[in-house]
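To start, the structure under review is shown below, and the notes come after it.
Read-outs: derived from the displayed coordinates by stated rules, not from any lab. Here the structure is a predicted model, which means the values were calculated and not measured. As a convention, Cβ positions derive from the backbone with ideal geometry for all residues, glycine included, and neighbour counts pool all protein chains shown.
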Amino acid sequence: MKRLIALIATAATLSIIAGILVAGPYSFAAYAHAATLPPRAQYGQVSNLPLLLNPGYENGFHAPTGEGELSVANDWHPFYDNLPPMRRPEFQRESTTTGRARVRTGESAQKLFTTFSPHDGGIYQEVHQVTPGAWYTFSAWGYQWSSTEHNPDVSKQDGKCSLLVGINPWGDANPLARTTVWGKEALQVYNVWTALDVTAQAWSPKIVVALRQRCEWGPHHNDGYLDDAQLQLAALTPDCPACPPAVPCACPTCPVEPATCPSLDQIRDMIRDEIDNILIDLAPGPPSDRSSL
């Protein structure tokens with residue numbers, strides 16, 4: 001009986017895994033294609049350096065859905081996780097004359113916040129005409145205030161907030177996709193402007209850069225401020241080689257290569273083989289008779 005229960009549990013686990021891969025939040029099929037990495041680009045091979053649009057958030061704001069609480073800098077787009085317990089943050093223009101005047105340079109910065117709720121979101125921009133195989137560094141500055149109290153200069157009983165920036169080397173316009181490469185997070189760093197950066201290798205003619213704040217708990221105030229984004233060619237180092245298309249790369253900033261993942265057909269075959277083995281084990285008679293099933 002114990003063996004039967006174990007075999008049934010194994011089959012159920014495999015079925016759950018298959019279901020997640022097929023119908024999970026990100027379709028496994030979308031990442032199970034083969035890819036060929038172009039030759040590693042050197043500076044002389046990069047014809048032009050792609051520039052960010054509105055990197056300092058000085059060129060106006062817009063509400064992409066017409067909702068005033070979703071006001072983002074022009075040329076940027078909001079993203080967020082709205083699955084409970086996370087809540088969609090509000091997006092606003094922060095200026096030197098409004099709000100807390102939390103602007104690092106110029107007259108504007110991007111603000112996002114929630115009250116009494118956790119959130120995970122930010123803004124992103126698609127950057128076209130990059131050189132596949134070249135390495136890029138994306139950087140920005142962030143500021144956090146998270147507190148149960150109202151003193152804007154003190155974060156007390158915070159929401160465990162973090163700031164980070166990322167690059168999606170494939171150009172996926174969903175920054176929360178698992179192929180996005182995130183830099184080191186500034187975890188629970190409050191009431192000071194913090195430099196953030198990430199370096200990754202472009203795997204397509206388009207990349208997506210993103211600035212993100214994640215707050216795990218919901219005190220009264222969970223506020224984030226973003227300013228002074230920049231994209232530039234990265235200085236390559238010997239310990240961060242180009243990633244081969246079918247071999248996992250040791251460099252932590254390399255994307256996870258989809259070609260290393262099994263295809264859906266391979267997963268189905270694995271599950272089918274495991275089910276066949278279970279049926280053989282459950283069949284009556286000596287082992288010599290079971291192989292004919």
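Odds and ends about this structure:
- Prolate/oblate/rounded call for the stretch 151-244, Cα gyration tensor, a/c under 1.5 rounded: prolate
- The residue list S139, G68, T96 was ranked by how far each Cα lies along the charge dipole of the stretch 48-142 toward its positive end, using unit charges on Cβ atoms, and T96 comes out on top.
- Summed side-chain charge close to A63 - residues other than A63 whose Cβ falls under 15 Å, Lys, Arg +1, Asp, Glu -1: -1
- Cβ-defined net charge surrounding R212, 12 Å radius [Lys, Arg +1; Asp, Glu -1]: -2
- Net charge of neighbours whose Cβ lies under 12 Å from the Cβ of T115, counting Lys and Arg as +1 and Asp and Glu as -1: -2
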